[in-house]
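J.: If you scroll down you'll find the structure; I have some questions about it.
The values are calculated or read from the model by the stated rules, or taken from the named source; none is laboratory data. Here the structure is a predicted model, which is why all the values come from computation and not from measurement. Glycine gets a Cβ as well: all are built from the backbone with ideal geometry, and neighbour counts include every protein chain shown. Heavy atoms of the whole protein, side chains included, go into the accessibility calculation; ligands, DNA and RNA do not. Shrake-Rupley method; radii C 1.70, N 1.55, O 1.52, S 1.80 Å.
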Amino acid sequence: MRILGKALTLFMAAAVAVPFLSLTAPMAVKAENVYKPEDFGAVVNDRKDDRQAIKDAADAAGKAGGGTVEFSSGQYDIDILDFGGTGIGVYVDQPNVTFKLTGSTVLNVLPTSHGEFCAIHVKGNNFKIFGGKIVGDKSDHKGSADADGHGIGVIDCSNVEIHDMTIENNWGDGIYLGSATDDGSNPGCSHVTITNCNVKNNRRNNIAIVDADHVVIDDCKISGASGASPCCGILIEPNTDEGNIPKKAVCSSIQIKNTTIKARKKHQKNGKYFALNILNPYYQKNNKVAAKNVKITNCKITGDCGNYSGKKVIIKNTKIKGTFYDHKKTNVKKCTIKNHYRF
């Protein structure tokens with residue numbers, strides 16, 4: 001489940017040909033480090049691509065040393081760019097950028113045939129996004145290949161905040177936390193906070209934690225993943241080489257608290273439809289640790305859960321209405337679990 005890094009360096013050097021219109025923006029806006037996509041050519045609610053305008057506003061904020069991209073109410077459309085076969089959404093590689101959406105802002109992915117992309121691809125440190133919705137193209141996607149069209153992808157960066165958002169109907173995961181490589185050569189992401197978000201109805205997983213440390217998921221509603229295996233509410237699963245996981249790629253220090261997670265249905269034998277799962281898919285023959293120091297507290301979980309490959313996992317004050325498949329002697333405290341299956 002890695003996000004390909006190919007072509008992005010070339011893309012940054014060659015593909016951005018639209019000049020920055022901020023050179024003619026009012027000085028008051030520049031002084032406040034607030035940039036509006038409309039100042040770079042975006043038109044709300046016209047069903048035409050606003051991707052480049054949003055990226056130009058983000059670049060201007062980053063090059064100013066940090067700033068805010070301020071969105072209006074209404075719909076901005078993101079047409080996934082085809083660059084040498086790679087799908088590219090809004091690529092944020094500058095640090096210290098904030099996306100400020102209103103409660104009625106929608107970032108909408110236009111139908112695409114690309115199976116691998118991030119609508120918002122975060123590569124710069126200290127990124128924040130809050131308010132509004134990200135709506136994917138799950139319902140009208142043009143192709144059938146792959147399941148990696150994510151709403152927000154946080155890739156090899158740190159100090160990221162996502163809060164007060166709805167993220168729904170994406171072709172892949174709603175939120176993906178990982179790396180551009182799967183061999184541990186890149187840092188992965190760290191210190192990511194997801195707060196008060198409604199992450200629902202995404203095609204693969206609602207939240208995928210693939211290469212990340214120090215993640216907090218707090219006060220969220222997560223439900224209804226369906227369409228492409230494994231369809232988990234939250235899946236913690238690093239990329240593996242037949243079960244082997246680079247030490248740097250083991251996910252660690254994950255907190256999930258005050259959160260409601262609902263699976264679409266009872267899990268199937270092929271591993272689909274877990275509400276929450278910590279997994280090395282080779283657990284039966286080479287069960288290297290996939291995650292460590294995971295703490296789940298004060299949650300309500302409807303559906304089956306699993307700890308197949310986690311070390312030092314604590315579940316406390318949590319209600320699980322389903323079967324908990326416990327392969328790693330999980331530390332369970334003050335929980336109500338319909339069926340605790342240890343094996």
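J.: If I model a spin label at Lys319 and Ser229 as a point 7 Å from the Cα along the Cα→Cβ vector, what separation in nanometres do I get?
T.: 3.3
J.: Quick query: amide H of His340 versus all other amide H atoms, modeled in the peptide plane; which residues come in under 5 Å with a sequence gap of 5 or more or a different chain?
T.: Phe324
J.: Moving on to the next point. Considering only the other residues whose Cβ falls under 14 Å of the Cβ of Asn339, what net charge follows from Lys and Arg at +1 and Asp and Glu at -1?
T.: +3
J.: Related question: Might you report the magnitude of the Cβ-based charge dipole of segment 159-221 about its Cα centre, with Lys and Arg at +1 and Asp and Glu at -1, to the nearest 20 debye?
T.: 300
J.: Here is a follow-up. Of the candidates Glu70, Glu116, Glu242, which one comes out as most mobile in a Gaussian network treatment of the chain with C-alpha springs shorter than 10 Å?
T.: Glu242
J.: Can I ask one more? Only sites in a loop by DSSP and with at most 16 other Cβ atoms within 10 Å count here; which trypsin sites (Lys or Arg not before Pro) in segment 130-185 make the cut?
T.: Listed in order of number, the matching sites are Lys142.
J.: Here's something else I'd like to know. Give me the percent relative contact order of the chain, please, defined on Cα pairs under 8 angstrom at least 6 residues apart.
T.: Reported as a whole number, the value is 9 percent.
J.: Given contacts defined as C-alpha pairs under 8 Å and at least six residues apart, what's the relative contact order of segment 104-172, whole-number percent?
T.: Computed value for segment 104-172: 43 percent relative contact order.
J.: Here is a follow-up. Around Val92, with a cut-off of 12 angstrom between Cβ atoms, what is the net charge of the other residues, counting Lys and Arg +1 and Asp and Glu -1?
T.: Net charge in that neighbourhood comes out at +1.
J.: Run the simple label-point estimate for Lys300 and Lys334 please: 7 Å along Cα→C-beta, distance reported in nm.
T.: Inter-label distance under the simple model: 1.8 nm.
J.: Between Gln268 and Asp219, what is the spin-label point distance in nm, taking each point 7 Å from the Cα along the Cα→C-beta axis?
T.: 3.7
J.: Output the 0 to 90 degree angle, nearest 10, between the alpha-carbon long axis of helix 51-63 and the longest principal axis computed from the alpha carbons of the chain.
T.: For helix 51-63, the angle is close to 90 degrees.
J.: What fraction of the DSSP beta bridges in the chain is antiparallel, stated in percent and rounded to the nearest 5?
T.: Counting DSSP beta bridges with both partners in the chain, the antiparallel share is about 5 percent.
J.: Below 8 Å, C-alpha to C-alpha, sequence gap of six or more: please give me the relative contact order for segment 251-293 in percent.
T.: It comes to 46 percent, rounded to a whole number.
J.: Let me ask another. If you roll a 1.4 Å probe over segment 114-244 with all protein chains in place, what percent of the accessible area is carbon or sulfur?
T.: 38
J.: To continue, here is another question. Choose one of Ala147, Gly132, Leu235: the residue whose Cα lies farthest towards the positive end of the charge dipole of the chain (beta-carbon charges +1 Lys, Arg; -1 Asp, Glu; about the Cα centre).
T.: The listed residue farthest towards the positive side: Leu235.
J.: Give Lys133/Lys265; Lys200/Lys292; Lys266/Lys334; Lys123/Lys221 a once-over and call out the pairs whose C-alpha atoms are over 30 Å from each other.
T.: none
J.: Taking 2.2 N^0.38 Å as the expected size of a compact globular protein, what ratio does the Cα radius of gyration of segment 205-275 give against it, to two decimals?
T.: Against the empirical 2.2 N^0.38 Å value, I get 1.16 for segment 205-275.
J.: When you have a sec, figure out the Kirkwood radius of segment 125-255 from all distinct Cα pair distances and drop it here in Å to one decimal?
T.: Taking every pair of different Cα atoms in segment 125-255, averaging 1/r and inverting gives 14.6 Å.
J.: Return the sequence-ordered ³J(HN,Hα) values of segment 101-109 in whole Hz as given by the Karplus equation 6.51 cos²θ - 1.76 cosθ + 1.60 applied to θ = phi - 60°, using x for Gly and Pro.
T.: Whole-Hz 3J(HN,Hα) from phi for segment 101-109: 9, 7, x, 10, 7, 10, 9, 10, 7.
J.: Local charge sum around Glu168 (other residues, Cβ-Cβ under 12 Å, Lys/Arg +1, Asp/Glu -1)?
T.: Taking every Cβ under 12 Å from that of Glu168, the sum is +3.
J.: Another question about this same structure. For segment 281-326, what's the radius of gyration and Dmax over Cα atoms, in angstrom?
T.: Radius of gyration, then largest Cα-Cα span, for segment 281-326: 11.5, 33 Å.
J.: Ok, one more. Which of the aspartates and glutamates could a cross-linker bridge to Lys288, judged by Cα under 18 Å and excluding same-chain residues fewer than eight apart?
T.: Result set, ordered by chain and number: Asp182, Asp183, Asp211, Asp213, Glu237, Asp241, Glu242, Asp326.
J.: Moving on to the next point. Show me the ranking of peptides 38-47, 167-176 by mean Cβ neighbours inside 10 Å, starting with the highest.
T.: 167-176, 38-47
J.: Let me ask something else about it. Can you give the Rg/Rh ratio of segment 221-343, where Rg is from the C-alpha atoms and Rh is the Kirkwood radius?
T.: With Rg and the Kirkwood Rh in hand, the quotient comes to 0.94.
J.: What accessible area per residue comes out for the chain, rounded to a whole number of Å², with a 1.4 Å probe?
T.: 41
J.: Report the calculated FRET efficiency for Arg47 and Arg342 (r = Cβ-Cβ distance, R0 = 51 Å), to the nearest 0.05.
T.: 0.45
J.: Skipping prolines and chain starts, which residues have an amide H placed within reach, meaning under 5 Å, of the one on Asp50, given they are 5 or more residues away or on another chain?
T.: Asp77, Ile78, Asp79
J.: May I ask which residue of Cys118, Tyr76, Asn286 lies farthest towards the positive end of the charge dipole of the chain, with charges of +1 (Lys, Arg) and -1 (Asp, Glu) on Cβ and the Cα centre as origin?
T.: Sorting the options by dipole projection puts first Asn286.
J.: Wrap a convex hull around the Cα atoms of the chain, take a quarter of its surface area, and give that in square nanometres.
T.: The Cα convex hull of the chain, projected and averaged over all directions, gives 16.0 nm².
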